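Encoded as structure tokens, the structure appears first; notes follow it.
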Amino acid sequence: MDGPARKSIVVSAVNIRKGGTLTVLRECLAFLSSQKDLKVTAIVHNADLCRFEGIEYIEIPWSIRSWGHRLWCEYITLGRISQKMEEPDLWLSLHDTTPNVHARRQAVYCHTSFPFMKVKAQDLRFDPKIPLFAKLTKYAYRKNVRRNSFLIVQQEWFRKGLSALTGFPNDKIIVAPPAFDIQPIGNSSSGIPTFFYPSTPDCHKNFETLCEATALLEKKLGQGVFRTVLTISGEENRYSKWLKSSWGSIKSLEFKGFLTKDELLRLYGEASALVFPSRSETWGLPISEFLPTGKPLILADLPYAHETASGAAATFFSPDNAQELADHMEELVNGNAAFAPIPVATHNEPYADCWDSLFKIILA
């Protein structure tokens, strides 16, 4: 006698290549690979990035060539592929868009926070793709959204924002925070108060506010009193070159460039505080990585930072106010900083703390 039919799941992730989205894809497929009662097909541009036993793969390498190719793939090609399949029980899109597919149930994992970011004029100068991407993602989030049974986000503020943006019901948006393998960090002293901002040279990361705050503080306190360390070299792109040309003469400011994982952990240990001025994040991984040190956080006063740093000691500043940030830095240098505990974030249902919980909700 035949056993019960296996449920079938399609995971589409045709534009995922690196960073946090690739981590989500790998973790998702690793979990599904362990579920022998599921038949899983992954549609990606390159299976070698995420190959796991028991997963069937369909590769679409041309999907990453441009946004036009991506949208054609999502709204035309995936539909054609689904027509040739036995109707899956679940089609999970892991990257923001709701494809035109035939499936008993659909869900979308929403990563991109740019639609909720305040765009600056300089974004057009340094990376015009960002404001364009923000507009395209608003369109992508809204298009076909009612085809979904659930949307998936990483934070509570994102759930509320996405519901307001798309009109999708709050109680059908699942908050599923990412799981991190946080490594222990040894505390060490660099000799003088050290402010550390590890991030990539993208203009929404808002290095300029920290650079200007460092210049203001050096002018007031003098050289050799503190240092600010950045993980950019000033040579990566137009934005980082502008930062280096504008603030490269500030002696208290160090353009370290890319760091290995060991170097990053060492600087976490040396730092007196993490400064995180980014204007847009889905989560803010360096905040989570720094939390085990128990040392202070100086964060942009934005919803993602409050939620990621939940339960830690922190102070906040307007991401456009360099003087406010410089004042917080001065307080730490002088030993009179007041870093208050952030209230522990509470989550409404539906909430999933692991992949098993997430799929139980989606497949119920």
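Worth a mention:
- Here the peptides 150-160, 332-342 are ranked by packing, the mean other Cβ count within 10 Å, and the order with the highest first is 150-160, 332-342.
- Neighbourhood net charge (11 Å Cβ-Cβ; Lys/Arg +1, Asp/Glu -1) for Cys203: +2
- Evaluated with a Cβ-only charge set (Lys, Arg +1; Asp, Glu -1), region 231-349 carries a dipole of roughly 380 debye about its Cα centre, given to the nearest 20.
- Label point distance in nm, Gln223-Gln323, each placed 7 Å from Cα along Cα→Cβ: 2.6 nm
- Rg over Rh for the chain works out to 1.01, using Cα positions for both radii and the Kirkwood form for Rh.
- Under the combined filter of DSSP loop state and at most 10 neighbouring Cβ atoms within 10 Å, region 1-56 retains these trypsin sites (Lys or Arg not before Pro): Lys18, Lys36.
- When only the Cβ of Lys, Arg, Asp and Glu is charged (+1, +1, -1, -1), the dipole of the chain relative to its Cα centre reaches about 1200 debye.
- The residue among Ala364, Ile185, Thr228 whose Cα reaches farthest toward the positive pole of the charge dipole of the chain, with charges on the beta-carbon of Lys, Arg, Asp and Glu, is Ala364.
- Ranked by how many other beta carbons lie within 10 Å on average, peptides 219-232, 98-111 from highest: 98-111, 219-232
- Sites listed here are chymotrypsin sites (Phe, Trp or Tyr not before Pro) in region 238-301 whose DSSP assignment is loop and whose Cβ has at most 14 other Cβ atoms within 10 Å: Phe258.
- Percent of Cα-Cα distances greater than 19 Å, calculated over region 194-341: 47 percent
- Counted over region 130-238 with a bin width of 5 Å, the fraction of Cα pairs per bin, in whole percents, is 2, 9, 13, 12, 13, 13, 12, 10, 8, 5, 2, 1.
- Net dipole in debye of region 209-259 [+1 Lys, Arg Cβ; -1 Asp, Glu Cβ; about Cα centre; nearest 20]: 100 debye
- Rounded tilt (10° steps) of 156-166 against the dominant C-alpha axis of the chain: 60 degrees
- Under 18 Å from Lys84, Cα to Cα: lysines that are on another chain or at least 8 residues apart: Lys7, Lys39
- Here Ala345 and Arg146 are evaluated by their C-beta separation; at R0 = 41 Å the FRET efficiency comes out at 0.90.
- Placed amide H near Trp91: partners under 5 Å, 5+ positions off or other chain: Val10, Arg105, Gln106, Ala107
- Total lysine pairs under 14 Å (Cα atoms) in region 194-341, excluding pairs fewer than 8 apart on one chain: 4
- On the basis of the beta-carbon distance and an R0 of 41 Å, Glu236 and Lys36 show a calculated FRET efficiency of 0.35.
- Once the Cα-Cα distance is subtracted from the 0.36 nm per residue extended length, the Ser66 to Gln83 segment shows a gain of 3.7 nm.
- GluC sites (Glu not before Pro) restricted to region 24-62 and DSSP loop, no more than 16 other C-beta within 10 Å: Glu53
Values quoted throughout were computed directly from the atomic coordinates according to the rules given, and no laboratory measurement underlies them. All values reported here derive from a predicted model rather than from experimental measurement. When we count neighbours, we look across all protein chains shown, and the Cβ atoms used for this are built from the backbone with ideal geometry, even at glycine.
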